[in-house]
Number of protein chains: 4
Amino acid sequence: MININERSSSPIYEQIIQGMKELVLKGVLQNGEKLPSVREMSSTLLVNPNTVSKAYQELERQGVIETLRGKGTFVCTGGAPVLSDETLHRLKSSLKQVVLDASYAGVSAEQLKQWIDSYLKELRSGTNA
Amino acid sequence: MININERSSSPIYEQIIQGMKELVLKGVLQNGEKLPSVREMSSTLLVNPNTVSKAYQELERQGVIETLRGKGTFVCTGGAPVLSDETLHRLKSSLKQVVLDASYAGVSAEQLKQWIDSYLKELRSGTNA
Amino acid sequence: MININERSSSPIYEQIIQGMKELVLKGVLQNGEKLPSVREMSSTLLVNPNTVSKAYQELERQGVIETLRGKGTFVCTGGAPVLSDETLHRLKSSLKQVVLDASYAGVSAEQLKQWIDSYLKELRSGTNA
Amino acid sequence: MININERSSSPIYEQIIQGMKELVLKGVLQNGEKLPSVREMSSTLLVNPNTVSKAYQELERQGVIETLRGKGTFVCTGGAPVLSDETLHRLKSSLKQVVLDASYAGVSAEQLKQWIDSYLKELRSGTNA
DNA sequence: GTGGTCTAGACCACG
DNA sequence: GTGGTCTAGACCACT
């Protein structure tokens, strides 16, 4: 379900994190559902178990999943997200970077907004791109 | 003119690249204008010369500036932007990442679009945030 | 009578041990009293029998309970406590860790001492927090 | 400066974290001071670099230190600590565990309080136990 | 030089 | 069976 691109500049564990978040938002992974074990995931993605483990730990830190000792890892789409100033600032910075690059690539604001809508629609409908 | 944040998650040379691009788009740096030398820039920004050098090289590779041997480095807001498939794909990926994180942070699509407009306005008016 | 928190960082068998010790100190479980069997306990706490078994074994090793073959398991608040150097050292280490974390969390020594008293009072009165 | 006990039940990276926090509180490591590099530390402590790295990353997450890309790691005894309910709860639980064990070992509340004071004094004077 | 990422393979605690 | 820890050794990005 998750695509790993070894050539991507973003590290594999980040790709797993993003992939899992997508699956959760799309509803493919429901709240409380058990995730594939670290070993399963690692053999599915052809990735080292440690890498998967790192992704799971980060996801747990972010409150997306939780680990029950000896039982496995489970989706836990917890309460309201924390909207810290720092989070907002990071978000705005990333967006600025995108807009700046888009300007240089000749991509219009309208195009960007359209992409946002289409991606959100994709998330809500639970389909793949 | 360019703000460097040593603690930012994005590398310093990237911050320089982004800063230069902003200055060009804002019109602070005009086409054909001479840029400060690597040495000047590095002492202004309190940054390692190698880092500035790397930024300049990347900016040249992207066609934003050009180096004339013995004369210096100049802005060159050359012809039509390169709209390669690969560029588009990277742009969409980055945007997806932002939208995904925004979803988890509880930031709405409308807010994102507003941020895009306000940043573009900032670029066009040539002011700082 | 014992609360198990699957999400706690301390393992379930430790929680059982702590819970049993509390019950004994509070006098809820009297000296010589028979404890529920492993099977009963495990179905009461909704916990794996192996986990309860491990807790009982550890409690027996610590001299808190004793098993009479064929008869069951009994509370045995035996003679003088073992005050080995090793026990003292472990105790001091754990306390150090708590004080260190408290320092970083901005919790005062007075607050810690107050917590100690209030917990001891809770134990002596046999009530729950 | 940091003692590692391979036989301890607490993982090595935790021991490093605790050790570093002690050094910072004692003032042995001043605010802004550079820490030994991961490689140095690992060869000093006779521990794998990855283990040191894990400790440093966790310390950064806790705001005790900060990493400047390519430059190294530095002490950053940041602003006011966050006194979340969850932190308080964990602290109280740990303390309860200590008090309970102390009760069984025949260690009095006065003794515990004395240990707290003596450890804090040790921290403030910057000496070793 | 710095830290960050990844792999391979081992051992252990927990349930 | 689960995840957590540790080692060894490699490669890479950044300054």
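The values are calculated or read from the model by the stated rules, or taken from the named source; none is laboratory data. None of these values were measured; they are calculated from a predicted model. With ideal geometry, Cβ positions are generated from the backbone for all residues, glycine too; neighbour counts draw on all protein chains shown. Surface areas here come from the heavy atoms of the whole protein model, side chains and all, with no ligands, DNA or RNA. Shrake-Rupley method; radii C 1.70, N 1.55, O 1.52, S 1.80 Å.
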(message) Explain nothing, just compute: Karplus ³J(HN,Hα) = 6.51 cos²θ - 1.76 cosθ + 1.60, θ = phi - 60°, for every residue of the range B:45-51 in order, whole Hz, x for Gly and Pro.
(response) 8, 6, 9, 4, x, 4, 5
(request) Return a whole-number percent for the relative contact order of chain B, with Cα pairs under 8 Å and 6 or more residues apart as the contact set. (result) 25
(request) For the protein assembly as shown, with all protein chains present and a 1.4 Å probe, just round the carbon and sulfur fraction of the accessible area to a whole percent. (result) 49
(message) Tell me the net charge near residue D:107. Cut-off is 12 Å between Cβ atoms, residue D:107 excluded, with +1 for each Lys or Arg and -1 for each Asp or Glu.
(response) +1
(message) Please report, for residue C:27, the nm distances (one decimal) from its label point, 7 Å out from Cα along the beta-carbon direction, to the equivalent points in the remaining copies, shortest first.
(response) 4.9, 5.8, 8.6
(request) Let me know the charge dipole size of the protein assembly as shown about its Cα centre in debye, to the nearest 20, where only the beta-carbon of Lys, Arg (+1) and Asp, Glu (-1) is charged. (result) 200
(request) May I ask for the net charge around residue A:117, where only other residues with Cβ less than 14 Å from the Cβ of residue A:117 are counted and Lys, Arg are +1 while Asp, Glu are -1? (result) +3
(request) Using Cα pairs closer than 8 Å and at least 6 residues apart in sequence, work out the relative contact order for the range B:12-75, in percent. (result) 40
(request) Taking H placed 1.01 Å from N in the peptide plane, check which residues at least 5 places from residue B:77 or on another chain put their amide H under 5 Å from its amide H. (result) B:32
(request) Return the lysines within reach of residue D:26: Cα separation strictly under 30 angstrom, same-chain partners fewer than 8 residues apart disregarded; answer none if there are no such residues. (result) C:92, C:96, C:113, D:34, D:54, D:71, D:92, D:96, D:113, D:121
(request) Within the set of other residues whose C-beta is less than 12 Å from the C-beta of residue C:68, count the net charge using Lys and Arg as +1 and Asp and Glu as -1. (result) +1
(request) Would you mind working out the magnitude of the charge dipole of chain A relative to its Cα centre, with +1 at each Lys and Arg C-beta and -1 at each Asp and Glu C-beta, to the nearest 20 Debye? (result) 200
(message) If you filter the range D:5-35 for trypsin sites (Lys or Arg not before Pro), then keep DSSP loop positions with at most 10 other Cβ within 10 Å, what is left?
(response) D:7
(message) Order B:51-57, A:10-16, D:104-110, C:121-127 from most to least packed using the mean count of other Cβ atoms within 10 Å.
(response) B:51-57, A:10-16, D:104-110, C:121-127
(message) With θ taken as phi - 60° and the coefficients 6.51, -1.76 and 1.60, list the Karplus ³J(HN,Hα) couplings across the range C:110-119 in order, rounded to whole Hz; mark glycine and proline as x.
(response) 4, 4, 4, 4, 5, 4, 4, 4, 5, 6
(message) Run the label-point distances for residue B:83 please: 7 Å along Cα to Cβ, every other copy, nanometres, shortest first.
(response) 3.6, 5.8, 8.4
(request) Please list the non-local residues whose amide H lies under 5 Å from the amide H of residue D:10, H modeled 1.01 Å from N, same-chain partners needing a gap of 5 or more. (result) none
